[in-house]
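The values are calculated or read from the model by the stated rules, or taken from the named source; none is laboratory data. All figures in this text were calculated on a predicted structure; none of them were measured in a lab. All Cβ positions, glycine included, derive from the backbone under ideal geometry; neighbour counts span all protein chains shown. All accessible areas refer to the heavy atoms of the entire protein, side chains included, with ligands and DNA or RNA removed. Shrake-Rupley method; radii C 1.70, N 1.55, O 1.52, S 1.80 Å.
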Amino acid sequence: LHASLHPHTARAAVKTGWAVMHPWANQREGWEGFVMLYTPQTNQESKVIFQLILDSYNFVTGEKTK
């Protein structure tokens, strides 16, 4: 799943193994937080990925949805 996250959140997701940086992340201005999220394989993993998707929505829209 492609997701645009705050760059700090994107780096944390990569560091913890939930995502990889998209190849374009370092090639386009403003795309520093562009990642590919891994598919969850358990219910617990789906909760983490859902939170990252929600973080992406909030980052892109400026919303504060929880």
Completion exercise
Of those in region 33-66 that are farther than 11 Å from Ala3 by Cα and among the charged types (D, E, K, R), the residue most open to solvent (accessible area, probe 1.4 Å) is Lys66
Practice task
Provide a single number: the residues in region 36-66 that are among the aliphatic types (A, V, I, L, M) and touching a His at 6+ places or on another chain (Cβ under 6 Å).
Solution key: 1
Problem - Condition broken by Trp24, with the remaining ones in (1) at pLDDT 95 or above; (2) surrounded by 10 or more Cβ atoms within 10 Å (Cβ to Cβ) satisfied - result: (1)
